[in-house]
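The values are calculated or read from the model by the stated rules, or taken from the named source; none is laboratory data. Everything numeric in this text was worked out from a predicted model, so none of it was measured. Virtual Cβ from ideal backbone geometry, glycine too; neighbours counted across all protein chains shown. Heads up: the accessible areas ignore ligands, DNA and RNA and are worked out on the full protein's heavy atoms, side chains in. Shrake-Rupley method; radii C 1.70, N 1.55, O 1.52, S 1.80 Å.
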Amino acid sequence: MQKKLGSMAAFIVWLALIANPACAAREYWIAADEVQWDYAPSFPLNVMNGKEFTAEQRVFVEQGIGRRYLKSVYREYTQGFRTLKQRGAEEQHLGILGPVIRATVGDEIVVHFKNNTRFPASIHPHGVRYTMANEGAPHSHTAGNEHQPDGVVAPGGEYTYRWGVPERAAPGPNDPSSIAWIYHSHVDESADTNAGLIGAIIITKKGFEKSDRTPADVDREFISLFAVFDENASLHLQTNLPACNGLCDPDNEDFQESNLKHGINGLVYGNNQGYSMRKGERVRWYILGMGTEVDLHSPHWHGATLLHNGNRLDVTEVLPAATKTLDMRPDVAGEWMYHCHVNDHINAGMMTNFIVQ
Ligand SMILES: [Cu+2]
């Protein structure tokens, strides 16, 4: 009888656990895939002014390898990696970024990862709670760690990461109802991220989440990665070299310059066309940075202002691997410039438009 009651109690606890949405598993199927990426599909036109690219701009879209490169990107699949998920209109702005991973406090994030690229890869998350086996970064093998898994995945391999979402991964007292963290491959960190293996995790404050974990108090969310993709430092430089015309010496400074892609989500000179919203909406912007010393960016929105943790601004700043969450209430319709305000980066194409209807 005692035993029966015990197993009954265990069954009730198990039932409560699976029925309790506070313990939900947020399950994703994400692969690292090789794709041919185009930084400026509008070529030969610059979307910002509808005119042909100038000689100065052609350095970044035509010279050297040009505008199309082999890259590694994270892509989302249906369960069991059966089919590639197509992106909807609201995800168009994500560009080269991987799928958005969403959760709230108490959830467990479960990411089934498959490496379809020719190099080892991983998913290393920022902010959430992980053990060393779920870190997605190589460990020192000098300290008796030889047999401990680290989440680094060989070409063709698979791995399942499990990440917790405690309070310390969620918005703090001065944050809005959701915040962004970066995830990226961390085998050869610099080469992996320059190859394109990067995405965002959005954690919504407990009590503010909808069933899909988006925040209930905003109408629209956008993510922008301000980063200079350095194709000189990409995993795929050697593979991309045969596509080069003219000046193709990896040691030549002009060739190196042509491989610096100053983009917003990997798109230059207005080619990110997904930032579309309506007047009066509550719009949330998540800004991500990545890169090296040149990656000090100052995103600027024309025609609107934003709130960042209680401070008003129309320009913010972001450094490599840092993130910011800002809220906007657009009040003037228009097609507004949205660009990095660093002069050198403006000239190199770190700009696009956002549209208020
Ligand atoms: Cu910049």
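To keep it simple, each residue is scored yes or no on (1) hydroxyl-bearing (Ser, Thr, Tyr); (2) within 27 Å of Pro125 (Cα to Cα).
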residue: Ile287; (1), (2): no, yes
residue: His297; (1), (2): no, yes
residue: Thr305; (1), (2): yes, no
residue: Asn311; (1), (2): no, no
residue: Asp314; (1), (2): no, no
residue: Ala322; (1), (2): no, yes
residue: Ala333; (1), (2): no, no
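Summed over segment 60-83, the residues that are open to solvent by 30 Å² or more (accessible area, probe 1.4 Å) and within 20 Å of Met350 (Cα to Cα) give a count of 4.
Would you confirm, using the coordinates I've provided, whether Gly157 is more than 28 Å from Val228 (Cα to Cα) and not basic (Lys, Arg)? Yes.
Of all residues in segment 328-347, those being within 11 Å of the ligand (Cβ to nearest atom) and assigned to a strand (DSSP E or B) number 2.
Does Ala137 meet the test of being assigned to a loop (DSSP other than H, G, I, E, B), farther than 23 Å from Asn265 by Cβ and open to solvent by less than 30 Å² (accessible area, probe 1.4 Å)? Here the answer is yes, as Ala137 does meet what is asked. Within segment 302-323, restricting attention to residues that are within 14 Å of the ligand (Cβ to nearest atom) and not acidic (Asp, Glu), the residue that is farthest from Tyr183 (Cα to Cα) is Val315. Could you list all residues from segment 27-46 that are without any contact (Cβ under 8 Å) to a residue 40 or more places away in the chain and open to solvent by 70 Å² or more (accessible area, probe 1.4 Å)? Passing the criteria: Gln36, Leu45. Contact map, segment 331-357: first residue on the phi > 0 side of the Ramachandran plot and touching a residue at least 60 places away in the same chain (Cβ under 8 Å), second residue more than 13 Å from the ligand (Cβ to nearest atom) and among the small types (Gly, Ala, Ser), Cβ cut-off under 8 Å, separation 6 or more or different chains; pairs are Gly349/Ala40. The set of residues in segment 258-282 that are among the aromatic types (Phe, Trp, Tyr) and crowded, with 24+ Cβ neighbours inside 10 Å contains only Tyr269.
Screening Phe354 with (1) within 16 Å of the ligand (Cβ to nearest atom); (2) surrounded by 22 or more Cβ atoms within 10 Å (Cβ to Cβ); (3) in a strand (DSSP E or B) gives one miss only, at (1).
Contact annotation: residue pairs with Cβ atoms under 6 Å, 6 or more positions apart or on different chains, pairing a residue in segment 68-83 that is under 16 Å from Val100 (Cβ atoms) with a partner that is of a type in the set (Val, Ile, Thr), are Val73/Val35; Val73/Ile96; Tyr74/Ile30; Glu76/Ile30. With the condition kept exactly as written, say whether any residue in segment 253-260 is out of contact with any helix residue (DSSP H, G or I) (no Cβ under 6 Å at 6 or more places or on another chain) and closer than 24 Å to Leu97 by Cβ. Scanning segment 253-260 turns up at least one residue that is out of contact with any helix residue (DSSP H, G or I) (no Cβ under 6 Å at 6 or more places or on another chain) and closer than 24 Å to Leu97 by Cβ.
Among the residues of segment 193-248, just one is more than 22 Å from the chain's Cα centre (by Cα) and part of a strand (DSSP E or B), namely Asn245. Please work out if Glu221 is open to solvent by 10 Å² or more (accessible area, probe 1.4 Å) and in contact (Cβ under 8 Å) with a residue 40 or more places away in the chain. Judged against the criteria, Glu221 is a match. Take Trp285 and tell me if it is surrounded by 15 or more Cβ atoms within 10 Å (Cβ to Cβ), more than 16 Å from the ligand (Cβ to nearest atom), closer than 23 Å to Ala180 by Cβ and not polar (S, T, N, Q). Considered against the rule, which asks whether it is surrounded by 15 or more Cβ atoms within 10 Å (Cβ to Cβ), more than 16 Å from the ligand (Cβ to nearest atom), closer than 23 Å to Ala180 by Cβ and not polar (S, T, N, Q), Trp285 comes out as no. Of the residues in segment 47-59, at least one is among the acidic types (Asp, Glu), open to solvent by 50 Å² or more (accessible area, probe 1.4 Å), more than 20 Å from Ala200 (Cβ to Cβ) and part of a strand (DSSP E or B). Being open to solvent by 40 Å² or more (accessible area, probe 1.4 Å), within 16 Å of the ligand (Cβ to nearest atom) and within 30 Å of Gly66 (Cα to Cα), is that true of even one residue in segment 234-257? Yes; the residues of segment 234-257 include at least one that is open to solvent by 40 Å² or more (accessible area, probe 1.4 Å), within 16 Å of the ligand (Cβ to nearest atom) and within 30 Å of Gly66 (Cα to Cα). Filtering segment 303-327 to residues that are closer than 20 Å to Gly266 by Cβ, part of a strand (DSSP E or B) and open to solvent by 10 Å² or more (accessible area, probe 1.4 Å) leaves Thr323, Lys324.
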